[in-house]
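Taking it in order: structure first as structure tokens, then the write-up.
Please treat every number below as a calculation from the coordinates, not as lab data. Small disclaimer: the values here were computed from a predicted structure and weren't measured. Virtual Cβ from ideal backbone geometry, glycine too; neighbours counted across all protein chains shown.
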Amino acid sequence: MDKIVIYADHRENGTRIPDLLKNKSDSKISVDVIQKQLGVADFLLSERVAVERKTVEDFLQSIVDGRLFKQASNLKRSYKKPLLIIEGEDDIFSSRNIHPNAICGAMASISIDSCIPIIWTKNQKETANFLYTIAKREQTELEKSVRIREKIRLLTKNQRQEYIVSGLPKISTVLARRLLEYFKTPENIFKASEEELVKVDGIGKDRAKIIRKSLTRKYQKNILD
């Protein structure tokens, strides 16, 4: 009997997906779903395939708060074949008061700049079917093992700098590259004034103000927010 191992982030315990995956076990293949806290991704399907799963609502919210691009960057650096699943039947362009251009831009950045394919599913059952099919192909047909990468793989000096700058609030990997191209070094970015920051395409006054506030705020011990 072949055995498929799928790692699922502990937050997926609140969904039906782990049980749906376990129910894929039969006389020929057993599916073992291991739930634990994952630093990167929601599901690990092989040593190279990791999946970030988002409902339509979570996808839109992650655009607003900037999580999407940081998660995509971490996913891309850690695994050779990252995937993004967007789950739900809601109309992505009318579910929130977000301009369609911003949504299209985010999807273009993920699929083109980060080279992460986007898979659309209607519900959790369809998501589980995709996860199972990919894991089965990876582990039984291509004989790829599955393991967790605890640390992000930073391959180049440029990527290290992009990672540092993308840690700033409201800064995606794309914006980090623009800042680095303009200011040349992370140090110059950190020293730049609001007036200098807004000269970079995509860095408006509000974003520049948030960046400066984060860089100049005095660190306070035992403050969680």
The chain, helix-only ellipticity at 222 nm - DSSP H runs n ≥ 4, -39,500 (n - 2.57), divided by all residues, nearest 500
-11500 deg cm²/dmol
Selection of GluC sites (Glu not before Pro), the stretch 89-193, meeting DSSP coil and at most 12 other Cβ within 10 Å:
GLU89, GLU143, GLU150
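Working from the alpha-carbon coordinates of the stretch 1-90, get Rg over Rh, Rh being the Kirkwood radius. If you can, show how the numbers build up before the last one.
On the way: Rg = 14.0 Å, Rh = 14.0 Å.
Radius of gyration over Kirkwood radius for the stretch 1-90 works out to 1.00.
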Rounded to whole angstrom, the alpha-carbon centroid of the stretch 180-225 lies from that of the stretch 35-102 at a distance of 25
Mind checking the dipole of the stretch 166-225: about its Cα centre, +1 per Lys or Arg Cβ, -1 per Asp or Glu Cβ, Debye to the nearest 20?
200
Could you work out Rg/(2.2 N^0.38 Å) for the stretch 157-216, with Rg from alpha carbons only?
0.96
Residue order, fewest to most surrounding Cβ atoms within 10 angstrom, among ASP58, ASP26
ASP26, ASP58
